[in-house]
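A short reminder: the numbers here are calculations on the coordinates, not readings from a lab. Everything numeric in this text was worked out from a predicted model, so none of it was measured. Cβ atoms come from the backbone with ideal geometry, glycine included; neighbour counts cover every protein chain shown.
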Amino acid sequence: INTGIEKVKKEIKNTIDDFNKRQKTVSGKKVVFPLDLVYMKKNEELFPKEIVASGIRNMPLVGKDVARAEHIRENVKISNPQQQIIDSIAWMNSVGIKSPKRSIIAFLSDQTNKPEGYIKNLFILRKNEMIVDNKSDTLELTEVGMSFANVPQTPLTCEELHQQIYQRLGAKKTDILKILIERYPNPVSIQEIAELTGQINTPEGLSKNMTMLQSFWIIRKDKLVANALPVLFMED
């Protein structure tokens, strides 16, 4: 039994020694990088709690490790849809929106009709440390992601954003959205929208179109009124 205990203690010591060797130094502080942190969490019974807590507290932002960033740039290839996501985030960054909504990036990267593919692409970009997928349903480029981006020469305006969205919608949905954008921030009655868009005799079609727009997180509606959301005007 004693031999078994000593063996476990030795394994723990070797694991912690290995962990210490794999620490990096950033701004004079030893920190745990993401891969190390994942390893620690999976094997947290081997690590003193203060080490795990310190690793979580001091973990740097993805992309701060210059050597790792260079490695990713040199060895990782991304698909066209993934490039479109990165470029779309950079486009929004050009007007000061650091963390654009995922719904808008889906529009700009032309992936609203491919939700499963969009989610997969976000996962791959996050895995390759190119984006940060925030809990607030927003996206941010890391330093690595920025190095892949085709930054626009001129900033994106609200009008250009609207045109990008219109190009990805059918005629009826575009008509609805244009009315809501023109009246923003005021709500518009469903009855008036039906009359202005020529859908007064097709209530089911109108309801379907508005539900689709709402699923893109660019409008809000209830039984009586609808209004455009601030994200269409580059507002938080």
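Side notes on the structure shown:
- Within the range 205-236, trypsin sites (Lys or Arg not before Pro) in DSSP loop having at most 13 other beta-carbon neighbours inside 10 Å: 223
- R0 of 22 Å, Cβ-Cβ distance residue 98-residue 235: FRET efficiency to nearest 0.05: 0.95
- Exceeding the 29 Å Cα-Cα cut-off - candidates 77/172; 120/173; 77/178: 77/172; 77/178
- Sparse packing (at most 10 other Cβ atoms within 10 Å of the Cβ) combined with a DSSP loop state is found for the following trypsin sites (Lys or Arg not before Pro) in the range 113-201: 135.
- Look at 232, 125, 180, 224 and count the other Cβ atoms within 10 Å of each Cβ; fewest to most, that gives 224, 232, 180, 125.
- Take every Cα pair under 8 Å whose residues are at least 6 apart in sequence, average their separation, divide by the length of the range 158-233, and the relative contact order is 37 percent.
- Grouping the Cα pair distances of the range 72-148 into 10 Å bins from zero gives a pair-distance distribution of 20, 61, 19, 0 percent in increasing distance order.
- Compactness of the range 158-233 was expressed as the Cα radius of gyration divided by 2.2 N^0.38 Å, which yields 0.98.
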